[in-house]
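Novice: Structure below; questions to follow.
The values are calculated or read from the model by the stated rules, or taken from the named source; none is laboratory data. Note that the structure is predicted; figures quoted are calculated from it, not measured. So basically every Cβ, Gly included, is an ideal-geometry build from the backbone, and we count neighbours across all protein chains shown. For the accessible areas, the whole protein counts, side chains as well, though only heavy atoms, and no ligand, DNA or RNA atoms are used. Shrake-Rupley method; radii C 1.70, N 1.55, O 1.52, S 1.80 Å.
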Amino acid sequence: MGNWVANEGLSSFVILVWLGINAFLFVHFYMAFLTERFYYTRVLLGHALSWARAPAACLNFNCMLILLPVCRNLLSFLRGSVQRCSRSAARQLDRNLTFHKLVAYMIAFHTAVHIMAHLFNFEWFMGAQLDSNNTLPYVLSQIGNGDNRAFLNPIRTRDTNPTYVMFTTIAGLTGVAITLALILIITSSMEVIRRSYFEVFWFTHHLFVIFFIGLVIHGVGRIVRGQTVESLKQHNPEQCAKYFETWGQNGTFCPVPNFAGNPPMTWKWVVGPMFLYLCERLVRFYRSQQKVVITKVVMHPSKTLELQMKKKGFQMEVGQYVFLQCPSVSQLEWHPFTLTSSPEEDHFSVHIRIVGDWTQGLYEACGGDKPEFQDAWKLPKMAVDGPFGTASEDVFRYEVVMLVGAGIGVTPFASILKSVWYKYVHENASVFTKKIYFYWLCPETQAFEWFADLLQSLEGQMLEKGMTDFLSYNIYLTRWKDAEAAHFTVHHEAENDPITGLKQKTRYGKPNWDTEFNTIGAKHSGSKVGVFLCGPTPLAKALEKQCLAHSLSGVDFIFNKENF
């Protein structure tokens, strides 16, 4: 139970508070439109009025939140401040994109409810306008005709239809624009599209500008109206409703009621986050204009491109990431990449796997498709935004650490292992971390090559200093061909591994995580073990489950996952 609290307690508390606020706002605003002021509005619309306004309030609240998790500079600042006080609180900031998605789903849900309710409202507004002359809805619909008094029914004539009104009013037009933008944003955010067509995801996500502009002016038309306070003093709707045929006539105590719309309130909810996000973009723009020099380009096997760069004033920590832009490939697109260099090096580097149009364009711009050497002046101009913090920053705050990388997901751990190498080999610095267990799962042998040099260097230096127990690494090849299997079998007895050249032999298949956690737990009873993953969601779920299951035997496994 204690480990569940450490891993999930604060996240669960935040989610419960967020859901509670949504529930409170929904109920509060639902009841607010059941008051006397909206008595006649309910005569026309029934409870659909409350069903439209309650989700609108929740939309305001969630639209206030949606931009905050993607203010990367703000989060990095908060993370640096919070982690000094609470490692658990800092870890919650690493789940910013998860919360961003949850808020987006809530926006989609309340938007659907709001739209459905207003579709009924427009039909009932139209029905009231077409009603017979001796009904209360018809009389209410005629108020405001001819003498410019405040009206109740926004459909002012019988010679129209709800579709026409929808596309000729501010509320209707902005509602359509908001809905279309939201549909495109959410559908393009599906993982299959984001992974295969990142450019589509990136461009459609910037429809948020249209979404927020439409959101702010959506209520300017004041279509939903209620009786004014002054009118309520002279006209009690519960008493006067049955005398609607004589309203305003001499000798009657019920004057014709006056109506007014609520002033727009959405801007009050979103102006703060919009200002913060504008500042965020200005900071990004300023940093993108700073000069970046590519000092080295390395083409690794398995279509992996390494860029080593320098930028004045650039300071990083282990495991951080940056956003890169290459204007010659795209003037607008920015893509996140984990830094593979260590803070001790005089440059910063990234390893980029060529898997899409943008990465292919960068690969070609750097001369990856040319056999000859590329001159430095021919290399493309780069813009860099960052660095930004991640969970891996906390790696040296644990006495025992498990690092798990899958495929190119090993990149944040390259930075960590390089930093370990510098601290122990060059600086002889004391490090709080006493033991690192490193696991790398890879589907192809070529992918090992660019990282094997670092591991070989670490292996040799640790052996020289008699620190072979400090780093335990386990490399797994998850897929292989028959010809490769035969080669591995023949050379299995060799001193060094036939794939990586390391003394530690490569294993085949996938780790038995239950066994690994049991072994580590038995060796480090009473310790807190930081488990760090950069890999796919199924592996994350498996490791998180193992952390919870194996924290009952005197050792706490604290799960951390890279998210960007």
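Novice: Got a sec to turn the phi values of the range 216-228 into Karplus ³J(HN,Hα) couplings, 6.51 cos²θ - 1.76 cosθ + 1.60 with θ = phi - 60°, whole Hz, x for Gly and Pro?
Specialist: Per-residue couplings from phi come out as 5, 9, 4, x, 4, x, 6, 5, 7, 10, x, 5, 6 Hz.
Novice: Turning to a different aspect of this structure: Given contacts defined as C-alpha pairs under 8 Å and at least six residues apart, what's the relative contact order of the range 302-436, whole-number percent?
Specialist: Relative contact order, the range 302-436: 30 percent.
Novice: Calculate, for the range 271-370, the solvent-accessible area per residue in square angstrom, rolling a 1.4 angstrom probe over the heavy atoms of the protein chains.
Specialist: In whole numbers, the range 271-370 has 47 Å² accessible per residue.
Novice: Could you please state, rounded to a whole Å, how far the C-alpha centre of the range 280-354 is from the C-alpha centre of the range 161-178?
Specialist: If we compute the Cα centre of each part, the gap is 45 Å.
Novice: Considering Cα pairs under 8 angstrom that are at least six residues apart, work out the relative contact order of the range 518-564 and quote it in whole percent.
Specialist: Worked out over the range 518-564, it gives 52 percent.
Novice: If you wrap a convex hull around the Cα atoms of the range 111-163, how much volume per residue is inside, in Å³?
Specialist: Taking the convex hull of the Cα positions in the range 111-163, it is 88 Å³ per residue.
Novice: Of the listed peptides 333-344, 520-531, what is their order by residue-averaged count of other C-beta atoms within 10 Å, with the highest listed first?
Specialist: 333-344, 520-531
Novice: Report the per residue volume, in Å³, of the convex hull enclosing the C-alpha atoms of the range 227-318.
Specialist: Expressed per residue, the convex hull around the Cα atoms of the range 227-318 is 271 Å³.
Novice: Using a cut-off of 10 Å between beta-carbons, work out the net charge of the residues near PRO69 (Lys and Arg +1, Asp and Glu -1, PRO69 not included).
Specialist: +3
Novice: Return the Cα extents of the range 141-265 along principal axes one, two and three, sorted largest first, each rounded to a whole Å.
Specialist: 74, 31, 22
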